[in-house]
Amino acid sequence: MKKLVFTIFAVSLGFTILSCKRSKTLELVMAESNPSDTISAKSDAIFVKAVEELSGGTIKINLFTDSLLGDNSTVLNEMTKKESGIHLASMSTSAIARYECPKTKLLDVPYTFKDRTHFWNFAESETAKQILDEPYVNGTGIKGLFFTEEGLRHFFSTTKISDIRDLKGKKIRIAGKSLLEEIIKALGGKPISIKFSVLYSALQVGDVDVAEQPIVNYYSNNFNKIAPFVFLDGHQFGIREIIITSQLWDSLSAKQKQIFIEAGLRTQEYCKSFSNTMENLAIVELIKEGAEFTQIEDITPLRELCADVIKNAISGYTETYNEIINFAD
(Lines give C-alpha, C1' and ligand atoms only; values in the text may rest on other atoms or scores of the structure.)
Protein backbone atom coordinates (compact mmCIF):
# COMPACT_ATOMS: atom_id res chain seq x y z
CA MET A 1 0.00 0.00 0.00
CA LYS A 2 2.88 2.40 0.78
CA LYS A 3 4.28 1.70 -2.67
CA LEU A 4 0.91 2.40 -4.25
CA VAL A 5 0.47 5.67 -2.35
CA PHE A 6 3.94 6.70 -3.48
CA THR A 7 3.03 5.85 -7.07
CA ILE A 8 -0.08 8.03 -6.92
CA PHE A 9 1.91 10.85 -5.36
CA ALA A 10 4.61 10.54 -7.98
CA VAL A 11 2.14 10.60 -10.85
CA SER A 12 0.31 13.53 -9.28
CA LEU A 13 3.56 15.40 -8.78
CA GLY A 14 4.51 14.63 -12.36
CA PHE A 15 1.16 16.00 -13.52
CA THR A 16 1.76 19.24 -11.63
CA ILE A 17 5.30 19.65 -12.92
CA LEU A 18 4.33 18.82 -16.48
CA SER A 19 1.43 21.27 -16.37
CA CYS A 20 3.66 24.04 -15.07
CA LYS A 21 6.23 23.41 -17.81
CA ARG A 22 3.51 23.12 -20.44
CA SER A 23 4.92 19.74 -21.44
CA LYS A 24 3.37 17.83 -24.31
CA THR A 25 2.67 14.83 -22.06
CA LEU A 26 -0.01 14.76 -19.37
CA GLU A 27 -0.09 11.69 -17.10
CA LEU A 28 -3.20 11.12 -15.02
CA VAL A 29 -4.54 8.65 -12.46
CA MET A 30 -7.99 7.04 -12.74
CA ALA A 31 -9.76 4.96 -10.08
CA GLU A 32 -12.24 2.11 -10.56
CA SER A 33 -13.74 0.08 -7.72
CA ASN A 34 -14.82 -2.89 -9.85
CA PRO A 35 -12.69 -5.84 -11.03
CA SER A 36 -11.01 -5.56 -14.42
CA ASP A 37 -13.37 -8.05 -16.09
CA THR A 38 -16.56 -6.09 -15.32
CA ILE A 39 -18.53 -3.88 -17.72
CA SER A 40 -17.49 -0.75 -15.85
CA ALA A 41 -13.75 -1.50 -15.85
CA LYS A 42 -13.75 -2.60 -19.49
CA SER A 43 -15.56 0.60 -20.43
CA ASP A 44 -12.89 2.54 -18.53
CA ALA A 45 -10.21 0.79 -20.59
CA ILE A 46 -11.93 1.89 -23.80
CA PHE A 47 -12.01 5.47 -22.51
CA VAL A 48 -8.32 5.40 -21.54
CA LYS A 49 -7.35 4.05 -24.97
CA ALA A 50 -9.53 6.61 -26.78
CA VAL A 51 -8.04 9.54 -24.86
CA GLU A 52 -4.52 8.41 -25.69
CA GLU A 53 -5.35 7.87 -29.37
CA LEU A 54 -7.25 11.14 -29.81
CA SER A 55 -4.49 13.09 -28.05
CA GLY A 56 -1.75 11.49 -30.11
CA GLY A 57 -0.22 10.07 -26.93
CA THR A 58 0.02 13.44 -25.21
CA ILE A 59 -2.52 12.43 -22.54
CA LYS A 60 -1.95 9.14 -20.73
CA ILE A 61 -4.27 7.75 -18.05
CA ASN A 62 -3.08 5.15 -15.54
CA LEU A 63 -6.14 3.07 -14.63
CA PHE A 64 -6.31 1.35 -11.22
CA THR A 65 -9.17 -1.19 -10.90
CA ASP A 66 -10.30 -3.50 -8.05
CA SER A 67 -10.54 -0.63 -5.50
CA LEU A 68 -6.74 -0.40 -5.43
CA LEU A 69 -7.05 3.31 -4.73
CA GLY A 70 -9.81 2.83 -2.17
CA ASP A 71 -13.58 2.48 -2.10
CA ASN A 72 -15.96 5.07 -3.56
CA SER A 73 -15.95 7.24 -0.43
CA THR A 74 -12.15 7.25 -0.19
CA VAL A 75 -11.74 8.14 -3.85
CA LEU A 76 -14.35 10.90 -3.74
CA ASN A 77 -12.83 12.39 -0.60
CA GLU A 78 -9.48 12.52 -2.36
CA MET A 79 -10.87 13.97 -5.59
CA THR A 80 -12.68 16.81 -3.84
CA LYS A 81 -9.41 18.02 -2.30
CA LYS A 82 -7.65 20.95 -3.96
CA GLU A 83 -4.55 18.95 -4.87
CA SER A 84 -5.85 15.47 -5.61
CA GLY A 85 -3.63 12.50 -6.46
CA ILE A 86 -6.57 10.97 -8.32
CA HIS A 87 -7.73 12.89 -11.37
CA LEU A 88 -10.51 10.72 -12.81
CA ALA A 89 -12.78 7.94 -11.58
CA SER A 90 -15.69 5.74 -12.50
CA MET A 91 -18.17 6.36 -9.71
CA SER A 92 -21.64 5.16 -8.75
CA THR A 93 -24.27 7.89 -8.89
CA SER A 94 -25.36 7.03 -5.35
CA ALA A 95 -21.89 7.97 -4.06
CA ILE A 96 -21.93 11.29 -5.95
CA ALA A 97 -25.46 12.07 -4.75
CA ARG A 98 -24.19 12.25 -1.15
CA TYR A 99 -22.23 15.39 -2.07
CA GLU A 100 -25.30 17.66 -2.06
CA CYS A 101 -26.36 16.62 -5.55
CA PRO A 102 -30.17 16.19 -5.38
CA LYS A 103 -30.58 15.93 -9.16
CA THR A 104 -28.05 13.12 -9.30
CA LYS A 105 -30.01 11.38 -6.55
CA LEU A 106 -32.99 11.20 -8.92
CA LEU A 107 -31.12 8.55 -10.91
CA ASP A 108 -31.30 6.19 -7.93
CA VAL A 109 -35.02 6.59 -7.28
CA PRO A 110 -36.47 3.05 -7.19
CA TYR A 111 -38.10 1.56 -10.26
CA THR A 112 -37.35 4.60 -12.43
CA PHE A 113 -35.60 3.04 -15.43
CA LYS A 114 -37.52 0.34 -17.27
CA ASP A 115 -34.64 -1.03 -19.33
CA ARG A 116 -31.44 -0.15 -21.19
CA THR A 117 -33.25 1.69 -23.97
CA HIS A 118 -34.85 3.96 -21.38
CA PHE A 119 -31.49 4.62 -19.73
CA TRP A 120 -29.61 5.40 -22.94
CA ASN A 121 -32.38 7.71 -24.16
CA PHE A 122 -31.73 9.65 -20.98
CA ALA A 123 -27.91 9.35 -20.97
CA GLU A 124 -27.61 11.00 -24.39
CA SER A 125 -29.95 13.90 -23.55
CA GLU A 126 -29.57 17.52 -22.46
CA THR A 127 -31.09 16.54 -19.10
CA ALA A 128 -28.17 14.13 -18.58
CA LYS A 129 -25.66 16.91 -19.29
CA GLN A 130 -27.28 19.10 -16.64
CA ILE A 131 -26.99 16.32 -14.07
CA LEU A 132 -23.37 15.63 -15.03
CA ASP A 133 -22.58 19.31 -14.42
CA GLU A 134 -24.38 19.44 -11.06
CA PRO A 135 -21.39 18.81 -8.73
CA TYR A 136 -19.23 21.17 -10.81
CA VAL A 137 -21.79 23.98 -10.64
CA ASN A 138 -22.20 23.34 -6.90
CA GLY A 139 -18.47 23.76 -6.32
CA THR A 140 -18.00 20.21 -5.07
CA GLY A 141 -14.65 19.84 -6.81
CA ILE A 142 -15.64 17.27 -9.43
CA LYS A 143 -17.39 17.27 -12.80
CA GLY A 144 -19.24 14.48 -14.57
CA LEU A 145 -17.99 13.74 -18.09
CA PHE A 146 -20.40 11.03 -19.24
CA PHE A 147 -22.46 8.04 -18.08
CA THR A 148 -21.93 4.31 -18.48
CA GLU A 149 -24.08 1.49 -17.13
CA GLU A 150 -23.99 -2.03 -15.74
CA GLY A 151 -27.65 -2.92 -16.19
CA LEU A 152 -30.50 -3.23 -13.71
CA ARG A 153 -29.60 -4.04 -10.11
CA HIS A 154 -31.26 -7.05 -8.49
CA PHE A 155 -31.33 -8.65 -5.03
CA PHE A 156 -29.53 -11.96 -4.53
CA SER A 157 -29.83 -14.18 -1.48
CA THR A 158 -28.48 -17.20 0.36
CA THR A 159 -32.08 -18.51 0.57
CA LYS A 160 -34.77 -18.60 -2.11
CA ILE A 161 -36.78 -15.43 -2.75
CA SER A 162 -40.05 -16.26 -4.49
CA ASP A 163 -41.92 -13.12 -3.56
CA ILE A 164 -41.22 -9.64 -2.19
CA ARG A 165 -42.58 -10.88 1.13
CA ASP A 166 -39.52 -13.15 1.38
CA LEU A 167 -37.36 -10.04 1.87
CA LYS A 168 -39.22 -9.12 5.06
CA GLY A 169 -36.88 -9.16 8.05
CA LYS A 170 -33.86 -10.17 5.95
CA LYS A 171 -30.50 -8.53 6.63
CA ILE A 172 -29.66 -6.74 3.38
CA ARG A 173 -26.29 -5.21 2.62
CA ILE A 174 -25.87 -1.52 1.80
CA ALA A 175 -22.61 0.34 1.11
CA GLY A 176 -23.46 3.29 3.35
CA LYS A 177 -25.96 6.06 3.70
CA SER A 178 -27.93 6.21 0.45
CA LEU A 179 -31.37 5.93 -1.08
CA LEU A 180 -30.95 2.15 -1.12
CA GLU A 181 -31.25 2.12 2.67
CA GLU A 182 -34.69 3.71 2.42
CA ILE A 183 -35.72 1.33 -0.38
CA ILE A 184 -34.81 -1.72 1.68
CA LYS A 185 -36.75 -0.46 4.69
CA ALA A 186 -39.78 0.19 2.47
CA LEU A 187 -39.57 -3.37 1.14
CA GLY A 188 -39.44 -4.77 4.67
CA GLY A 189 -35.74 -5.59 4.92
CA LYS A 190 -33.09 -4.60 7.46
CA PRO A 191 -30.26 -2.57 5.87
CA ILE A 192 -26.78 -3.49 7.12
CA SER A 193 -23.78 -1.34 6.15
CA ILE A 194 -20.89 -3.56 5.05
CA LYS A 195 -17.87 -2.80 2.84
CA PHE A 196 -17.90 -4.50 -0.54
CA SER A 197 -14.46 -5.99 0.12
CA VAL A 198 -15.89 -8.19 2.91
CA LEU A 199 -19.33 -8.85 1.44
CA TYR A 200 -18.51 -12.38 0.28
CA SER A 201 -17.44 -13.51 3.75
CA ALA A 202 -20.37 -11.62 5.34
CA LEU A 203 -22.77 -13.68 3.24
CA GLN A 204 -20.88 -16.85 4.13
CA VAL A 205 -21.13 -16.36 7.89
CA GLY A 206 -24.64 -14.89 7.88
CA ASP A 207 -23.83 -11.30 8.79
CA VAL A 208 -26.10 -10.48 5.87
CA ASP A 209 -28.67 -12.64 4.07
CA VAL A 210 -29.15 -10.59 0.92
CA ALA A 211 -27.19 -8.15 -1.23
CA GLU A 212 -27.74 -6.52 -4.60
CA GLN A 213 -25.70 -5.98 -7.75
CA PRO A 214 -26.08 -5.86 -11.52
CA ILE A 215 -25.99 -9.37 -13.01
CA VAL A 216 -22.48 -9.14 -14.48
CA ASN A 217 -20.95 -7.91 -11.22
CA TYR A 218 -22.81 -10.62 -9.32
CA TYR A 219 -21.24 -13.21 -11.62
CA SER A 220 -17.76 -11.62 -11.78
CA ASN A 221 -17.49 -11.67 -7.99
CA ASN A 222 -18.68 -15.31 -7.72
CA PHE A 223 -21.55 -14.40 -5.41
CA ASN A 224 -23.59 -17.17 -7.02
CA LYS A 225 -21.39 -19.70 -5.21
CA ILE A 226 -22.81 -18.68 -1.83
CA ALA A 227 -25.99 -16.78 -2.72
CA PRO A 228 -27.48 -18.51 -5.77
CA PHE A 229 -31.01 -17.07 -5.58
CA VAL A 230 -31.65 -13.95 -7.67
CA PHE A 231 -34.79 -11.83 -7.38
CA LEU A 232 -35.07 -9.94 -10.68
CA ASP A 233 -36.84 -6.83 -9.42
CA GLY A 234 -34.61 -4.18 -11.04
CA HIS A 235 -35.04 -1.78 -8.12
CA GLN A 236 -32.33 0.53 -9.44
CA PHE A 237 -30.25 0.88 -12.59
CA GLY A 238 -26.50 0.36 -12.28
CA ILE A 239 -25.36 3.80 -13.43
CA ARG A 240 -21.72 4.82 -13.42
CA GLU A 241 -20.46 8.33 -13.95
CA ILE A 242 -16.99 9.08 -15.24
CA ILE A 243 -15.86 12.09 -13.23
CA ILE A 244 -12.89 14.44 -13.40
CA THR A 245 -11.58 16.88 -10.81
CA SER A 246 -12.71 20.45 -11.37
CA GLN A 247 -9.12 21.59 -11.00
CA LEU A 248 -7.94 19.40 -13.86
CA TRP A 249 -10.93 20.24 -16.06
CA ASP A 250 -10.38 23.98 -15.60
CA SER A 251 -6.69 23.60 -16.49
CA LEU A 252 -7.36 21.85 -19.82
CA SER A 253 -7.32 23.65 -23.14
CA ALA A 254 -10.46 23.70 -25.30
CA LYS A 255 -8.83 21.08 -27.55
CA GLN A 256 -8.04 18.81 -24.60
CA LYS A 257 -11.58 19.11 -23.26
CA GLN A 258 -12.91 18.09 -26.65
CA ILE A 259 -10.68 15.00 -26.56
CA PHE A 260 -12.27 13.90 -23.28
CA ILE A 261 -15.75 14.55 -24.66
CA GLU A 262 -15.10 12.58 -27.85
CA ALA A 263 -13.52 9.72 -25.89
CA GLY A 264 -16.64 9.67 -23.72
CA LEU A 265 -18.89 9.34 -26.76
CA ARG A 266 -16.81 6.42 -28.02
CA THR A 267 -16.97 4.76 -24.62
CA GLN A 268 -20.73 5.12 -24.42
CA GLU A 269 -21.19 3.46 -27.82
CA TYR A 270 -19.04 0.57 -26.65
CA CYS A 271 -20.82 0.25 -23.31
CA LYS A 272 -24.26 0.36 -24.88
CA SER A 273 -23.78 -2.87 -26.84
CA PHE A 274 -21.18 -4.58 -24.66
CA SER A 275 -23.18 -4.36 -21.43
CA ASN A 276 -26.16 -6.11 -22.99
CA THR A 277 -23.97 -8.87 -24.46
CA MET A 278 -22.09 -9.39 -21.20
CA GLU A 279 -25.28 -9.63 -19.18
CA ASN A 280 -26.81 -12.23 -21.50
CA LEU A 281 -23.65 -14.33 -21.40
CA ALA A 282 -23.48 -14.06 -17.61
CA ILE A 283 -27.06 -15.27 -17.23
CA VAL A 284 -26.34 -18.32 -19.39
CA GLU A 285 -23.28 -19.20 -17.30
CA LEU A 286 -25.08 -18.55 -14.02
CA ILE A 287 -27.89 -20.94 -14.97
CA LYS A 288 -25.29 -23.57 -15.89
CA GLU A 289 -23.73 -23.11 -12.45
CA GLY A 290 -27.05 -23.54 -10.66
CA ALA A 291 -28.24 -20.00 -10.00
CA GLU A 292 -32.02 -19.66 -9.69
CA PHE A 293 -33.81 -16.60 -11.05
CA THR A 294 -37.20 -15.33 -9.96
CA GLN A 295 -38.73 -13.10 -12.63
CA ILE A 296 -41.08 -10.28 -11.57
CA GLU A 297 -43.90 -9.81 -14.05
CA ASP A 298 -45.31 -6.64 -12.52
CA ILE A 299 -43.27 -4.21 -10.39
CA THR A 300 -46.31 -2.04 -9.57
CA PRO A 301 -46.73 -3.53 -6.04
CA LEU A 302 -43.02 -2.91 -5.34
CA ARG A 303 -43.22 0.64 -6.61
CA GLU A 304 -46.27 1.22 -4.41
CA LEU A 305 -44.33 0.00 -1.35
CA CYS A 306 -41.67 2.59 -2.20
CA ALA A 307 -44.17 5.40 -2.86
CA ASP A 308 -43.02 7.53 0.09
CA VAL A 309 -39.35 6.99 -0.78
CA ILE A 310 -40.01 8.15 -4.33
CA LYS A 311 -42.07 11.13 -3.20
CA ASN A 312 -39.41 12.35 -0.77
CA ALA A 313 -36.53 11.80 -3.20
CA ILE A 314 -38.05 13.81 -6.04
CA SER A 315 -39.43 16.61 -3.85
CA GLY A 316 -38.44 19.95 -5.35
CA TYR A 317 -37.19 18.31 -8.55
CA THR A 318 -40.39 16.79 -9.93
CA GLU A 319 -39.95 18.44 -13.32
CA THR A 320 -36.48 16.97 -13.84
CA TYR A 321 -37.64 13.56 -12.60
CA ASN A 322 -40.56 13.57 -15.02
CA GLU A 323 -38.14 14.35 -17.84
CA ILE A 324 -36.14 11.26 -16.86
CA ILE A 325 -39.28 9.12 -16.71
CA ASN A 326 -40.45 10.37 -20.10
CA PHE A 327 -37.32 9.09 -21.84
CA ALA A 328 -38.93 5.64 -21.64
CA ASP A 329 -41.28 6.69 -24.45
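The values are calculated or read from the model by the stated rules, or taken from the named source; none is laboratory data. The structure displayed is predicted, hence computed values, not measured ones. Note: ideal-geometry Cβ built from the backbone for every residue, glycine included; neighbour counts use all protein chains shown. What goes into the accessible areas is simple: the full protein's heavy atoms, side chains included, and nothing from ligands, DNA or RNA. Shrake-Rupley method; radii C 1.70, N 1.55, O 1.52, S 1.80 Å.
If the chain linking Leu232 and Tyr99 were pulled fully straight, counting 0.36 nm for each residue of separation and taking away their Cα-Cα distance, it would gain 44.9 nm.
Taking a probe of 1.4 angstrom, what is the accessible area of Ser273 in Å², to the nearest 10? Spelled out: Ser273, probe radius 1.4 Å, area about 70 Å². Rolling a 1.4 Å probe across the protein heavy atoms gives the chain an accessible surface of 46 Å² per residue.
The HN-Hα couplings worked out from phi for region 125-131 by the Karplus form 6.51 cos²θ - 1.76 cosθ + 1.60 (θ = phi - 60°) are 9, 5, 4, 4, 4, 5, 6 Hz, whole numbers, x standing for Gly and Pro. To the nearest ten degrees, helix 39-54 and the longest principal axis of the Cα atoms of the chain are 20 degrees apart.
Anything over 22 Å Cα to Cα? Flag those among Lys129/Lys272; Lys160/Lys185; Lys82/Lys257; Lys42/Lys160; Lys49/Lys272, in the order listed. Violating the 22 Å Cα-Cα cut-off are Lys42/Lys160. Straight-line reach from Lys103: taking Cα to Cα under 14 Å and skipping same-chain neighbours fewer than 8 places apart, the aspartates and glutamates in range are Glu126, Asp133, Glu134, Glu241, Glu319, Glu323. Full extension of the chain between Leu281 and Asp308 yields a length gain of 6.1 nm, computed as 0.36 nm times the residue separation minus the alpha carbon distance. Taking a sphere under 13 Å around the Cβ of Leu63 and counting the other residues whose Cβ falls inside, with K and R at +1 and D and E at -1, yields a net charge of -2. Translational diffusion coefficient, Stokes-Einstein: compute it for region 158-276 using the Kirkwood radius over C-alpha pairs as Rh, at 37 °C and 0.692 mPa s, and state it as an integer in µm² s⁻¹. Answer from the Stokes-Einstein relation: 195 µm²/s. log10 I(q)/I(0), Debye, Cα-only the chain, no solvent, q = 0.08, 0.10, 0.14 Å⁻¹? Once normalised to I(0) and log-transformed, intensities are -0.37, -0.57, -1.12.
Considering all alpha-carbon pairs of region 247-329, what whole percent are spaced by more than 15 angstrom? The share of Cα pairs beyond 15 Å in region 247-329 comes to 79 percent. GNM, the chain, Cα, under 10 Å: largest mean-square fluctuation among Thr158, Thr25, Thr80? Among Thr158, Thr25, Thr80, the largest mean-square fluctuation in the Gaussian network model of the chain belongs to Thr25.
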